Amino acid sequence: MMEEFDFEFESDFGSDFDEKLERSAFENTYKILTGVVTLNKLLDRDSMQNGSIDQHNTTATLINPRKKGLDVDMIDNMITYYTESEEYEKCAKLVKLKSNNK
């Protein structure tokens, strides 16, 4: 008999962890989309840390790096996120990015 799995992620780290992970995903995706950093460089940077290999960090993003093309719905969600945090310069860059890819 096959075991059933619950794939819903629930951290035991609390809401502070969730907020940091969410913020990291938005920031990493923003940097990739605006050309500040490539996904490969981001992964390399996040994996570099003192200590043993078992302390390797994962890198949160909102994009699937294998998917081609721009996800307009994701860009809209990012604009909403940055509007709520009053980061209007990021919103402007995302709006420009979105309009350049129509």
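The values are calculated or read from the model by the stated rules, or taken from the named source; none is laboratory data. Note that the coordinates shown come from a computational prediction; the quantities given were computed from them, not determined experimentally. All Cβ positions, glycine included, derive from the backbone under ideal geometry; neighbour counts span all protein chains shown.
Comparison of L62, L94 shows that the only residue that is at pLDDT below 90 and of a type in the set (A, V, I, L, M) is L62.
Within the range 71-83, residues that are free of Cβ contacts under 8 Å to residues at least 12 places away in the same chain reach partners that are not β-branched (V, I, T) with beta carbons closer than 7 Å, at six or more positions or on different chains, in the pairs T83/C91. Among the residues of the range 58-88 satisfying the criterion of being closer than 23 Å to D44 by Cα and not hydrophobic (A, V, I, L, M, F, W, C), which is surrounded by the most Cβ atoms within 10 Å (Cβ to Cβ)? This residue is T61.
Selection over the range 64-86 of residues that are over 14 Å from the mean Cα position of the chain (by Cα), among the polar types (S, T, N, Q) and part of a helix (DSSP H, G or I) gives a count of 2. For the range 25-55, taking the residues that are at pLDDT 85 or above and not in a helix (DSSP H, G or I), the one that is surrounded by the most Cβ atoms within 10 Å (Cβ to Cβ) is identified as V37.
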